[in-house]
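Read the figures in this text as sums done on the coordinates, not as results from a lab. Note that the structure is predicted; figures quoted are calculated from it, not measured. Cβ atoms come from the backbone with ideal geometry, glycine included; neighbour counts cover every protein chain shown.
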Amino acid sequence: MLYAEICERRRQGNLNGVDILSLLISSKDKAGEGMTDFELRDELITLIVAGYETTATAMAWGLYWIHQQLNVREKIIAEIDSLDNVSDPMSIFRLPYLTAVCNESLRIHPITPFTFPRQVQETTQLLGNTLEPGMIVQGCIYLAHQREDLYPQAKQFRPERFLEREFSLYEFLPFGGGARRCIGETLAIFEMKLVLATILSRYQLELVDKQPEKLKRRGPTLAPGNGVKMIITGQREAQKSINMKTTAIL
Ligand code: HEM
């Protein structure tokens, strides 16, 4: 399917778009060479593998927490309803409580518990430990997010903590850190906010299962064990519902 997409896009010759495939096809290396179909396919596979499961899982956790705690749901709905222009994606993106809910969801259940591994290049000290060249080090996002000194009552879902103070890049790191930090972070957060706000503005939902969702390891991600099953109990009034135009990323 990817090769067919690449072939079709090359055939169309219209590479003025801002979508990723057009940008990749039109990119050139220092010698002025573009990428082969094989290289393009590899780039797309990376984005798909790294980008879909992660973002979808983040949205599932978000919906779970919003409906697990009535006060969170009420606050977020009130914030969405207060929007003057519901079809402006940037207004939704900037909503403070929605932002706090997404952050708290990624804190309490980071989608990937670890960063990718790093290999030590030169002897260095880290928190009283000597790291020697060749050693492999991985950051544990999950444990950093559970630190009681940073996040009191860390097992509690409390979005307000993100409104009360700012966390540094070393304290809140759902997308890893440093030069190899997730390249899709902005897109993922953007998608997460727009999708959650759109669903919440249109439907009344309830969790099917009142039992807490347990973490389940799914490949490199931490997913909800029961898949966050929900039912639609009603539709919200039409004028408040967000009707977002979607833009393909490929
Ligand atoms: C909620 C969604 C996502 C989460 C939680 C997430 C998390 C992460 C984490 C923790 C890393 C490792 C960073 C490190 O080792 O420091 C990573 C790397 C990466 N992510 Fe994401 N990611 C998400 C969405 C996406 C999306 C939407 C894309 C692309 C469209 C993407 C593409 C990548 C790529 C290509 C890397 C490797 C970067 C590199 O090695 O230089 N991710 N992601």
Taking placed amide H atoms and a strict 5 Å upper bound, the residues 5 or more places from residue 205 or on another chain that come that close are 233
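Counting Lys +1, Arg +1, Asp -1, Glu -1, what net charge surrounds residue 67 among other residues with beta carbon under 12 Å of its beta carbon?
So the surrounding residues net to -1.
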Using 0.36 nm times the number of residues separating residue 38 and residue 127, minus their current alpha carbon distance, what extension gain do you get? 27.7 nm
Once both label points are put 7 Å beyond Cα along the C-beta direction, the residue 22-residue 45 separation in nm becomes 2.6
May I ask you to evaluate 6.51 cos²θ - 1.76 cosθ + 1.60, the Karplus curve with θ = phi - 60°, for each residue of the range 192-203 and list the ³J(HN,Hα) values in order in whole Hz, giving x for glycine and proline? 4, 5, 5, 5, 4, 4, 5, 4, 5, 6, 9, 10
Debye calculation, C-alpha points only, no solvent: report log10 I(q)/I(0) for the range 101-186 at q = 0.23 Å⁻¹, in the same order as the q values. -1.15
To two decimal places, what compactness ratio does the range 1-103 give when its Cα radius of gyration is scaled by 2.2 N^0.38 Å? 1.55
From the convex hull of the Cα coordinates of the chain, what is the mean projected area in square nanometres? 17.5
Can you tell me the FRET efficiency between residue 146 and residue 4 if r is taken as the Cβ-Cβ distance and R0 is 45 Å, rounded to the nearest 0.05? 0.50
At a Cα cut-off below 19 Å, give the aspartates and glutamates reachable from residue 30, other chains included and same-chain residues fewer than 8 away excluded. 39, 43
Using only the Cα atoms of the range 46-179, what do you get for the radius of gyration and for Dmax, in Å? 17.6, 56
Under the Karplus relation with 6.51, -1.76 and 1.60 and θ = phi - 60°, whole-Hz ³J(HN,Hα) for the range 152-162, x at Gly and Pro, equal x, 6, 4, 7, 8, 7, 9, x, 4, 4, 7
How big, on average over all directions, is the shadow cast by the Cα convex hull of the range 77-144, in nm²? 6.9
Name the residues whose placed amide hydrogens come within less than 5 Å of the amide hydrogen of residue 230, ignoring near sequence neighbours (fewer than 5 apart) on the same chain. 208
Please give the calculated 222 nm ellipticity per residue for the chain, where each DSSP H segment of at least 4 residues contributes -39500 (n - 2.57) and the sum is spread over every residue; nearest 500 deg cm²/dmol? -13500 deg cm²/dmol
Of the trypsin sites (Lys or Arg not before Pro) in the range 50-127, those whose Cβ has at most 14 other Cβ within 10 Å and which sit in DSSP loop: 94
Per-residue ³J(HN,Hα) for the range 75-89, Karplus 6.51 cos²θ - 1.76 cosθ + 1.60, θ = phi - 60°, Hz, x for Gly and Pro: 5, 5, 5, 4, 5, 5, 5, 7, 5, 6, 10, 6, 9, 9, x
Is there a quick way to get the dipole size of the range 92-197? I mean about its Cα centre, with the Cβ of Lys and Arg at +1 and of Asp and Glu at -1; what is the value in debye to the nearest 20? 240
Stokes-Einstein D in µm²/s, Kirkwood radius over Cα pairs - the range 121-250 at 25 °C with 0.890 mPa s viscosity: 130
